[in-house]
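This report concerns only the one structure given below.
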Amino acid sequence: MKTPGQPFSNYGQPSLQERGVVRWISANRGVPGNGVSWTPLHDLEGTITPSGLHFERHHNGVPQIPIDQHRLLIHGQVRRALTFSMGELARYPIRSDILFIECGGNSNAGWHQLPQQTRAGFMHGLASCSEWAGVPLSLLLDEAGVDASASWLIAEGADAAAIQVSLPLAKARRDCFVALYQNGERIRPENGYPLRLIVPGWEGVLSIKWLRRLEVAREPVMARNETARYTELQPSGKARMFTFVMDAKSLITSPSPGQRLDGKGVYEIRGLAWSGRGRIRSVEVSTDGGAHWAAAQLQQPVLPLAFTRFRTGWTWSGAPAVLKSRASDDSGYVQPERSALIAERGRHGYFHYNAIVSWQVDEDGEISHVYT
Ligand SMILES: Nc1nc2c(c(=O)[nH]1)N[C@H]1C(S)=C(S)[C@@H](COP(=O)(O)O)O[C@H]1N2
Ligand SMILES: [Mo]
């Protein structure tokens, strides 16, 4: 208190003492620029993911795009094709929504035979939640004049992956938008600067980053990532595809593996829940491996298609305990136990793993991931 502090800065950074709170990067060595980075959900509170910690999934690196040269093209089955500069787009009415984005491959280590031992965010953190602001697609589609014969929208990004996805037009009109802003500032390069598609509640792959082209079409494009990927063989022998919606999931972020309970006594169990179908209606927590459940408190406001924070008090006796959380959404969907998910989907799953997660607390207060 006896000397002045540090000078001001043009752009703030977290305290140096928090430098351990970072994304965990898993790069695909064979393919340059291909990989993921995970949000450290276990180190965060509240529901908004700081932009610098938003998870990343890149198929071919992060393109550096000059905002004044970038254009969005809307064409295909339309009365007239349209091209927008970013400045022109910014003159349209903008709306903002707090929404999660989750990769369809998030939590896929849950399909492994043995429970993976990593920090909670490094298994389930291909999911993040931001306030996204941009122009509703319905406005732009109406201006282009969509042909009545069209029922799909094909979106393409400007990265070297040339990734394309197909989206039903009805969804595009209902709540999709092209975003220019993330958490109040321009979208970060990693998350799609200067323009990205936002497809609320559906597989992250549909939210095309560095968006350059929207084609109104009669049929889906059947690109590699919606045929060879994002399809799964079912026990019936048929493969499912276009499994767009992300089902309800919940996760206890604290206590969680890598943290340690410091002796018996009172703790708060804290976690996140979300659903691609709508609002989280309830989250139940069990501290005895699923024998008994009690409703946790939901932090208000509970927003549709957004992270919802849940919390509940717990007195730890010092004896081994298994902690679980179970989310339900307003469509009536209830997050399944792992055994039920496997019974329904079989053993060829890779995407859409959303089973109940179990953390075991041992006598020393150490926490590990278990299957029950
Ligand atoms: N152009 C482009 N868009 C893309 C991708 C990509 O590699 N290129 N990855 C997709 C996938 S699989 C996901 S899960 C989300 C990840 O968005 P984020 O990196 O902002 O978290 O972007 C999607 N959009
Ligand atoms: Mo993804």
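Using the Cβ of residue 365 as centre and a radius below 14 Å, the other residues enclosed give a net charge of -3, where K and R count +1 and D and E count -1. Could you work out the relative contact order of segment 132-185? I mean the mean sequence separation of Cα pairs under 8 Å and 6+ apart, divided by the number of residues, in percent. Here the relative contact order equals 55 percent. In order along segment 349-361, phi translates into HN-Hα couplings of x, 9, 9, 6, 8, 9, 5, 4, 9, 10, 10, 9, 9 Hz, rounded to whole numbers, per the Karplus curve 6.51 cos²θ - 1.76 cosθ + 1.60 with θ = phi - 60° and x for Gly and Pro. Of the Cα atoms belonging to segment 71-241, the radius of gyration and Dmax stand at 17.1, 55 Å. Across the accessible surface of segment 50-205, with the other protein chains kept in place and a 1.4 Å probe, carbon and sulfur atoms take up 50 percent. Remark on segment 249-370: Rg and Dmax equal 14.6, 42 Å (Cα only).
Could you compute how fast segment 136-233 diffuses translationally, taking Rh as the Kirkwood radius over C-alpha pairs and applying Stokes-Einstein at 4 °C with viscosity 1.567 mPa s? Give it in µm² per second.
Values: Rh = 13.8 Å.
The Stokes-Einstein estimate is 94 µm²/s.
Enumerate lysine pairs in the chain that are 8 or more residues apart or on different chains, then count those whose Cα atoms are under 27 Å apart. Numbers along the way, then the final one.
On the way: 171/209; 171/238; 171/249; 209/249; 238/249; 249/324; 264/324.
Lysine pairs meeting the criterion: 7.
Who wins for biggest fluctuation among 287, 243, 47 in a Gaussian network model of the chain, springs between alpha carbons below 10 Å? Most flexible of the set in this elastic network: 243.
By a 1.4 Å probe calculation restricted to protein chains, residue 356 has an accessible surface near 10 Å², given to the nearest 10. Put the Cα centre of segment 36-53 next to the Cα centre of segment 255-334 and the gap is 18 Å. Based on alpha-carbon atoms, the Kirkwood radius and the radius of gyration of the chain give Rg/Rh equal to 0.99. Over the chain, accessible surface divided per residue gives 46 Å², non-protein components excluded, 1.4 Å probe.
Largest mean-square fluctuation among 166, 236, 282, in a Gaussian network model of the chain whose springs join Cα atoms under 10 Å apart, belongs to 236.
Segment 344-372 to segment 175-243: how many Å between their Cα centroids? After rounding, the separation between the Cα centres reads 28 Å.
Give, rounded to the nearest 20 debye, the magnitude of the charge dipole that segment 1-142 has about its Cα centre when Lys and Arg contribute +1 at Cβ and Asp and Glu contribute -1 at Cβ. Kindly include the intermediate steps, with their values, before the conclusion.
Values: 11 positive and 10 negative charges, 56 e Å.
For this selection, approximately 260 debye.
Each residue was assigned an accessible area with a 1.4 Å probe, and for residue 330 the value is about 90 Å².
The overall shape of segment 18-57 is prolate: from the C-alpha gyration tensor, with semi-axes ordered a ≥ b ≥ c, the ratio a/c is 1.5 or greater and a/b exceeds b/c. Placing one identical point scatterer on every Cα of segment 316-370 and ignoring solvent, what is log10 I(q)/I(0) from the Debye formula at q = 0.20, 0.28, 0.31 Å⁻¹? The calculated log intensity ratios at q = 0.20, 0.28, 0.31 Å⁻¹ are -0.81, -1.07, -1.18. Taking Cα centre as origin and charging only the Cβ of basic (Lys, Arg, +1) and acidic (Asp, Glu, -1) residues, the dipole magnitude of segment 270-369 rounds to 500 debye.
Dividing the summed helix terms, -39500 (n - 2.57) for each DSSP H run of n ≥ 4, by the number of residues in the chain produces a 222 nm estimate of -2000 deg cm²/dmol to the nearest 500.
A Förster radius of 51 Å combined with the Cβ-Cβ distance from residue 293 to residue 64 puts the calculated FRET efficiency at roughly 0.55.
Taken one residue at a time, the phi angles of segment 311-317 give Karplus couplings (6.51, -1.76, 1.60, θ = phi - 60°) of 8, 7, x, 8, 9, 8, 7 Hz. Gly and Pro are set to x. If you run the Gaussian network model on the chain, springs between alpha carbon atoms under 10 Å, then out of 20, 332, 145 the most flexible one is 20.
Subtracting the Cα-Cα distance of residue 218 and residue 262 from 0.36 nm times their residue separation leaves 9.8 nm of extension gain.
Quick one: length gained pulling residue 19 to residue 231 fully straight, 0.36 nm per residue minus the C-alpha distance? Spell out each step's value before the answer.
Values: separation 212, 0.36 × 212 = 76.32 nm, distance 3.82 nm.
Taking residue 19 through residue 231 to full extension adds about 72.5 nm, to one decimal.
Looking only at segment 165-206, which residues have a backbone nitrogen under 12 Å from a spot 7 Å from the Cα of residue 92 in the C-beta direction? It comes to 173, 176-180, 196-198, nothing else.
For residue 185, project a label point 7 Å along Cα to C-beta. Then give me every residue of segment 42-68 with its amide nitrogen under 13 Å of that point. Counting backbone N atoms under 13 Å from the label point, the list is 50-54.
The values are calculated or read from the model by the stated rules, or taken from the named source; none is laboratory data. Please read all numbers here as calculations on a predicted model, not as lab measurements. Positions of Cβ are generated from backbone atoms using ideal geometry, with glycine treated the same way; all protein chains shown enter the neighbour counts. Only protein heavy atoms, including side chains, enter the accessible area calculation; ligands, DNA and RNA are left aside. Shrake-Rupley method; radii C 1.70, N 1.55, O 1.52, S 1.80 Å.
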